[in-house]
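The values are calculated or read from the model by the stated rules, or taken from the named source; none is laboratory data. In this text the structure is predicted, and so the values were computed from the model without any measurement. All Cβ positions, even for glycine, are placed from backbone atoms using ideal geometry, and neighbour counts span all protein chains on display. Just so you know, the surface numbers come from the protein's heavy atoms only, side chains and all, with ligands and any DNA or RNA stripped out. Shrake-Rupley method; radii C 1.70, N 1.55, O 1.52, S 1.80 Å.
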Amino acid sequence: MKIAFVGKGGSGKTTLSSLFIRHLATTDVPVIAVDADINQHLGAALGLDESQAAALPAMGAHLPLIKDYLRGTNPRIASADTMIKTTPPGAGSRLLRVVEDNPVYAACARDVRLDGHAVRLMATGPFTESDLGVACYHSKVGAVELCLNHLVDGREEYVVVDMTAGSDSFASGMFTRFDVTFLVAEPTRKGIAVYRQYKEYARDFGVRLKVVGNKVQGPDDLAFLRDQVGDDLLVTFGQSDWVRAMEKGRPAPFVELEGANQEALRTLHTTADAAYEGRDWERYTQQMVHFHLKNAESWGNGKTGADLTDQVDPGFVLSEAPATAAPQPA
């Protein structure tokens, strides 16, 4: 299951995504955690110290390897250089699975231990001084989008992505890559502004959007959120002494997280699991192709010097069936 956490800067989306990742880990389901936010705080929220977080490999730095591996023997892709972030898989492409070892994970993922449970952590990499004036952050998250396009995940296999803040996710088609998007909103007018943008953009693409209220301190906060987002409000989180201690570098065992917040995490898990029944791999593939064709026309063809519409395999539908993957290298 592919799960996104979005919200405005400061809403607490990284904190809540890290709590959800910890919760999933305690249930012994395999988890890949992806930090796709420009500020790169997920590692710290999962308990890494500053040096450990800084040592995480940047997916963007390994983009040539990712492209070359995913291309496989797909005859529609002449070279890795012609792949862009929206390039869809086809016959001969190599697909990623949550539970496996492959060159992409070896280069880009690191295991993180959470109360005795391991999750794989991947990060886009920070926006550095050398990028100023010559790159935009969307080029950094392109590696994440390309991997999601080639990822096959099953029930009780989770990829949790901490997305960039605000509505930047709509600069590409990555916002359609998820089974459920949890939008973290504070009970303020600014807190729900991103929700309104997401709701409008996502409506035409069948994005399953649920609002998670954060920093809710009483009935008035709850009533405000219900009035503003209606039935999209799924659950709320209150103030947490456990989180405050963790942010001060004094993490307690996860079982000591407040009972109400533990219950809220179980609600997120139940909601994500229920989304499996509504999966439509054909629509998922069509949306992937839709955004690829848009990107090819607007900038991809000009950048690569190739007609990227030829990369679309009209007979290919991504699915959980293993037969669509290319043979692994010896």
- Message: Using only DSSP helix segments of four residues or longer, with each worth -39500 (n - 2.57), what per-residue ellipticity at 222 nm results for the chain after dividing by its residue count and rounding to 500?
- Response: -10000 deg cm²/dmol
- Query: Rounded to the nearest 5, what % of the DSSP beta bridges within the chain are antiparallel ones?
  - Reply: 15
- Residues ALA321 and LYS190, FRET efficiency given R0 of 35 Å [Cβ-Cβ distance, rounded to 0.05]: 0.20
- Working out 0.36 nm times the residue gap between GLU156 and ARG113, then minus their Cα-Cα distance, what length gain in nm do you get to one decimal? 13.6 nm
- Message: Contact order normalised by length for the chain, with contacts defined as Cα pairs under 8 Å and 6 or more residues apart; what percent is it?
- Response: 27
- On the accessible surface of the chain, probed at 1.4 Å, how many percent belong to carbon and sulfur atoms? 50
- Arrange the peptides 240-248, 147-155, 6-14 so that the one whose residues have, on average, the most other Cβ atoms within 10 Å appears first. 6-14, 147-155, 240-248
- Task: State the extension gain, in nm to one decimal, for the chain segment bounded by ASN102 and ASP310, taking 0.36 nm per residue of separation less the distance between their alpha-carbons.
- Result: 72.2 nm
- Under a straight-distance cross-link criterion of Cα-Cα below 13 Å, which aspartates and glutamates are reachable from LYS199, leaving out those fewer than 8 residues away in the same chain? ASP231, ASP232
- Selected from ALA185, MET174, ALA223, residue furthest toward positive end of dipole (the range 173-225; charges at beta carbon): MET174
- Proximal lysines relative to LYS303, as straight alpha-carbon distance under 28 Å, when same-chain residues fewer than 8 apart are discounted: LYS67, LYS85, LYS140, LYS294
- Query: For the range 198-330, with only Lys/Arg (+1) and Asp/Glu (-1) charged at the beta-carbon, what is the dipole magnitude about the Cα centre, in debye rounded to 20?
  - Reply: 340
- Item | Net charge dipole size for the chain [Lys, Arg +1 and Asp, Glu -1 on Cβ; Debye, nearest 20] | 380
- Note on the structure: Expressed per residue, the solvent accessible area of the range 195-310 in Å² (1.4 Å probe) is about 57
- Item | Computed magnitude of the charge dipole of the range 31-119 (debye, nearest 20; Cβ of K, R +1, Cβ of D, E -1) | 520
- Task: Please label the shape of the range 187-251 as rounded, prolate or oblate, based on the square roots a ≥ b ≥ c of the eigenvalues of the alpha-carbon gyration tensor (a/c under 1.5 means rounded; beyond that, a/b larger than b/c means prolate, else oblate).
- Result: prolate
